[in-house]
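Comments concern the structure below.
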Amino acid sequence: MKNTSILIADGDKRICNLIKITLTAHDYKATTVNSGENAIFLTYSVNPDIVILDVSLPDMDGTEVIRRIRSCSDVPIVVISARDEDQDKVMAFDAGADDYLTKPFSIEELLARLRVIERRYVYGLKEQNAPAVFENGPMKIDYAAGCVYVKTTLLHLTPIEYRLLCMLAQNVGKVLTLTYLTKNIWGTSWNSNIMTLRTFMASLRKKLAAADSGTDYICTHTKIGYRMPNISSESGGVQNNQKI
């Protein structure tokens, strides 16, 4: 995406300026703010293509900023934070973050994460002419509405869970490797990304099972990856006892 607009929200003005200068040098349009309220206001008013957000802001916690942005916008949010505990990352993802970078990080890594988001956007544009609804047994994904139903139950998925399910659905019957999934979600395939992926997959499978305990919509291929079986072609669904 040429001239992608990015909003940078960080309480440290020095970091904001450093990121802005770097992004501008790489043909991005960058705007900086130093508070959560301003980040929310500019997201609504300016409608940037991507938001880079520090979760430690002077006026409010970053997870609250994410929730308020998510209430009316699906703009990609990349969290940057000195907090490196898994629980901090899970809270950010559950609130609606798309990616998480732990400080200190290299500019090269940040640029790589942004490129992944841009490729995902372009891929989404190419898929606009694809069928608006995907069905696999009792499960239905309404791509236009961004909703997932199992039988009559509407699943409440996080953005990451929804994206993972869509990736599996678009490759029914194929095993998607851990490397493929993590690179398409976070841009890298480090051990920490793989552990986070397993956490999200476990949560996603629990939500699917709560709506339909008799069918396994996601099969685990130990140390390799995950696969969504074609439920309609496999009588009685698929029973898979492998654990992540």
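The values are calculated or read from the model by the stated rules, or taken from the named source; none is laboratory data. Please read these numbers as outputs of a predicted model, since none were measured by experiment. Ideal geometry is used to build each Cβ from the backbone, glycine not excepted, and the neighbour counts take in all protein chains shown. Side chains included, ligands, DNA and RNA excluded: accessible areas come from the protein's heavy atoms. Shrake-Rupley method; radii C 1.70, N 1.55, O 1.52, S 1.80 Å.
Worth pointing out:
- Neighbours by Cβ (under 6 Å, 6+ apart or cross-chain): first from the range 153-166, in contact (Cβ under 8 Å) with a residue 40 or more places away in the chain; second open to solvent by 50 Å² or more (accessible area, probe 1.4 Å): 155/207; 158/94
- Criterion applied to 10, 84 was being among the acidic types (Asp, Glu), touching a strand residue (DSSP E or B) at 6+ places or on another chain (Cβ under 6 Å) and open to solvent by less than 10 Å² (accessible area, probe 1.4 Å), and the one residue passing it is 10.
- Of the helices (runs of 4 or more DSSP H) lying entirely inside the range 1-100, those carrying at least 1 residues that are modelled with pLDDT of 90 or more are 13-25, 36-46, 62-70.
Results for (1) among the aliphatic types (A, V, I, L, M); (2) modelled with pLDDT of 90 or more; (3) in contact with an Asp or Glu (Cβ under 9 Å, 6 or more places away or on another chain), shown as yes or no for each residue.
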position: 165; (1), (2), (3): yes, yes, no
position: 170; (1), (2), (3): no, no, yes
position: 174; (1), (2), (3): no, yes, no
position: 182; (1), (2), (3): no, no, no
position: 185; (1), (2), (3): yes, no, yes
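- Any chance residue 232 is surrounded by fewer than 20 Cβ atoms within 10 Å (Cβ to Cβ), modelled with pLDDT under 90 and assigned to a loop (DSSP other than H, G, I, E, B): no
- For residue 82: the one exception among (1) in contact with a Phe, Trp or Tyr (Cβ under 7 Å, 6 or more places away or on another chain); (2) among the small types (Gly, Ala, Ser); (3) farther than 21 Å from residue 40 by Cβ: (1)
- Flag if residue 226 is surrounded by 15 or more Cβ atoms within 10 Å (Cβ to Cβ) and either in contact with a His (Cβ under 7 Å, 6 or more places away or on another chain) or outside any helix (DSSP H, G or I) (or both): yes
- Within the range 80-103, residues that are of a type in the set (Asp, Glu) sit with their Cβ atoms under 6 Å from residues that are outside any helix (DSSP H, G or I) and open to solvent by less than 70 Å² (accessible area, probe 1.4 Å), at 6+ positions apart or across chains, in these pairs: 84/102; 94/158; 98/76; 98/77; 99/78.
- Filtered by the rule that a residue be at pLDDT 90 or above, surrounded by 14 or more Cβ atoms within 10 Å (Cβ to Cβ) and part of a loop (DSSP other than H, G, I, E, B), the range 131-163 gives 137, 138.
- Some residue of the range 19-30 being under 25 Å from residue 157 (Cβ atoms) and of a type in the set (S, T, N, Q): no
- Scanning the range 13-56 for residues that are open to solvent by less than 80 Å² (accessible area, probe 1.4 Å) and aromatic (Phe, Trp, Tyr) yields a single hit, 28.
- Qualifying residue in the range 182-198 (condition: among the aromatic types (Phe, Trp, Tyr), under 28 Å from residue 140 (Cβ atoms) and in a helix (DSSP H, G or I)): yes
- Members of the range 57-73 found to be surrounded by fewer than 15 Cβ atoms within 10 Å (Cβ to Cβ) and in contact with a Ser or Thr (Cβ under 7 Å, 6 or more places away or on another chain), listed by number: 58, 59
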